[in-house]
Amino acid sequence: MQAYFTIGQLAALFDVKIPTLRYYDQLGLLTPAKVDATSHYRYYSTAQFERLSTIKYFRALGVSLPAIADFFAARDLPKLKQLLHQQQATVAEQLATLHTIDQRLTARLTQIEQAEQAQLSVPKLVTLAPQPVLYLRQAYTAQDDIELVIAKLRERYDLAQDVFLGKITLSLSVAALRAGRFDQYSGILLAFEPGDQPKSGQQLLPGGAALQLTFAGTHQQAGPYYEQLLTVCREHHWQLRAAALETALIDYGITDDVSQSVTRIQLPITT
């Protein structure tokens, strides 16, 4: 039986890259059985096979190299159980994070698909669900730089910088609606997605009846559609009960093609 194996042979036997084996040696995780004093070649015996198998097993479970080294320093059953329990807790956290990401992806895909399939320029009566939001009372026009306003929102509420695109909603007050000032927004809302946990400032946007219209275009083209919605309200004797909500479902954050822009207006009403 072959007594010693070169690092290349060991790498081939265990399907491990040679630089990885050298790194394990540097960390003290897998020390060669001997090193040639002249050539500095590493040689391994079958005694290292079991240790390398253990390392590969732990790495397949996602265990970090420092944790593996900690296990080898003790190398007993209680230490193994502790390591596995710790890794199980880590995996549970990772699964929760992935579940949140999956929910966000589903929500974003649903939003895009709804925008693509929406019947455009047709008012319809809907029921809005209560929505947790952060609200920044900030005068804003469609010509202003919304990114600066969003930056203020993030700073005020200490938000993470990975806020997804498309969560921003403009608020148009009842007074502005009645006065026909459809580009004079009174505030900006940030709707929560799964996993969002702001440190402060959370408000609950009440649900209820609303007149909704989705149109092809950006905030700059919203004026005529507000007129259309207000006309429907007058025809049915519906009363405005809260500020209008205007959300870009597809905008420059998603595509450079302005012709693909889709915006939704929701007018809370009392029927």
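Which whole-number percent gives the relative contact order of the chain, counting Cα pairs below 8 Å spaced six or more residues apart?
Relative CO of the chain lands at 17 percent.
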**Asked** Seen from all sides and averaged, what is the projected area of the convex hull of the Cα atoms in the chain, in nm²?
**Response** 22.1
**Request:** List the longest stretch of the chain that has no exposed loop site; here a site is one of the trypsin sites (Lys or Arg not before Pro) assigned by DSSP to anything other than H, G, I, E or B, with at most 13 other Cβ within 10 Å.
**Result:** 76-198
**Message:** Below 8 Å between Cα atoms, with a sequence gap of 6+, how large is the relative contact order for region 20-80 in percent?
**Reply:** 21
**Request:** Would you compute, from DSSP H runs of 4+ residues alone, the mean residue ellipticity of the chain at 222 nm, taking -39500 (n - 2.57) per run and dividing by the full residue count, rounded to the nearest 500?
**Result:** -14000 deg cm²/dmol
**Message:** Give me, ordered by chain and number, the residues 5 or more places off Leu249 or on other chains with an amide H under 5 Å from its own placed amide H.
**Reply:** Val262, Thr263, Arg264
**Request:** Provide the per-residue ³J(HN,Hα) series for region 218-223, in order, calculated from phi with Karplus coefficients 6.51, -1.76, 1.60 and θ = phi - 60°, each as a whole number of Hz, with x at glycine and proline positions.
**Result:** 10, 4, 5, 9, 6, x
**Message:** Using a Cα-Cα cut-off of under 13 Å, which aspartates and glutamates could be cross-linked to Lys79, ignoring same-chain neighbours fewer than 8 residues away?
**Reply:** Asp70
**Fill in**
Over the chain, with neighbouring protein chains present, the accessible area per residue in Å² at probe 1.4 Å is 58
**Complete:** Once Lys and Arg are counted +1 and Asp and Glu -1 for all other residues with Cβ under 15 Å from that of Ala47, the total becomes +2
**Item:** Stokes-Einstein diffusion coefficient of region 25-136, Kirkwood radius over Cα pairs, 4 °C, 1.567 mPa s, in µm²/s
**Value:** 66
**Request:** Please report, as a whole percent, how much of the solvent-accessible surface of the chain comes from carbon and sulfur atoms (probe radius 1.4 Å).
**Result:** 54
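The values are calculated or read from the model by the stated rules, or taken from the named source; none is laboratory data. Keep in mind the model is a prediction, meaning the values are calculated, not measured. FYI the Cβ positions are ideal-geometry reconstructions off the backbone, even for glycines, and counts take in every protein chain you see. Surface accessibility is based on the protein's heavy atoms, side chains included, excluding ligands, DNA and RNA. Shrake-Rupley method; radii C 1.70, N 1.55, O 1.52, S 1.80 Å.
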